[in-house]
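Every number in this text was worked out from the coordinates using simple rules, so none of it is lab data. The structure presented is a predicted model; accordingly, all values stated were derived computationally and were not measured. Counting neighbours? That spans all protein chains shown, and the Cβs are built from the backbone with ideal geometry, glycine included.
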Amino acid sequence: MASNQALQQLDEPVPDEALIDRVAAGDEYAFNLLYERYFPRVHGFVRRRLGNPSDVEETVQEVFINIFSSMATFRGEAPFGAWVLGLTRRTIARRFKKKQHPTVPLIEDESETGEPLSASLQREATPLEHYEVQERLSQIEHHAARSLTPEQRDLFERHHLQHQSIQDIASALQKSEDAVKSNLYRARKILFAI
C-alpha cells in the first residue's frame, strides 16, 4: 500500500518499464496506471477500425485482458506502446476471423439468363478483408506522404485515383508524356516496395 502511495505522490510520470515490473509483481495499481495511460490510444485505434460502439467496447476490453495476460511476453525490444498497438491489431484480426461463417449458396449454379452466377454475382468483402484493406491503405498513404515528392504524389493521384490519361496529365502540366510516365513509374516503384 505504501508503494502505491509513493507512485501517486510522484510529480513525474512513472516509466512504462517500472510499471510493467510492478504489474509482474502483482501490483494492481500499477496496471491501473498503465490502463489509464493507454486506454485513450487503444480506444481510438479500435474505434477507427470498427464502427459499432458495442464492438469497440468489447474489443477494447479484450485488448486489455490480452495485455494483462500477455505482459510476461513483453521483452522490451520495442517501446511498450508499440507492443500494445501490435497486440490491439492482432486482437481485432482475431475478432474478424471469429465472425466469419461458412455460407452455402441458395441458388443454382447458373442464372436464368444462362450465364454462370460467378459473372452475375459479386461477393461482398468480409469484415476481415475490409480491415486488411484499410490497414494496407493506411500503410500506403503513410508511405506516400513520407517517400513521394509532391509532383509524384500529384501524378499518382491524377492517373490512378482520378483516372486521367497520361496524355491529359502531360497536357495539363505542360510536360512530355515520357516525363509523366517516368515519374509515375518511380512513384509506383516507391509505393509498392512496402
**Request:** For the stretch 127-191, just say rounded, prolate or oblate: build the C-alpha gyration tensor, square-root its eigenvalues into a ≥ b ≥ c, call rounded for a/c under 1.5, and beyond that prolate if a/b exceeds b/c, oblate if not.
**Result:** prolate
**Request:** Please work out the Cα center distance from the stretch 130-146 to the stretch 156-183, rounded to the nearest Å.
**Result:** 23 Å
**Item:** Estimated inter-spin distance, Glu62 and Glu129, nm [label 7 Å along Cα→Cβ]
**Value:** 2.0 nm
**Message:** Assuming 0.36 nm per residue, please report the length gained on full extension of the stretch Glu151 to Gln174 beyond their Cα-Cα distance.
**Reply:** 7.0 nm
**Asked** For the stretch 34-89, which trypsin sites (Lys or Arg not before Pro) are both in a DSSP coil and crowded by at most 10 other Cβ atoms within 10 Å?
**Response** Arg75
**Complete:** Total charge of the residues flanking Arg153 in space, meaning their Cβ is under 13 Å from its Cβ, with Lys and Arg +1 and Asp and Glu -1, is 0
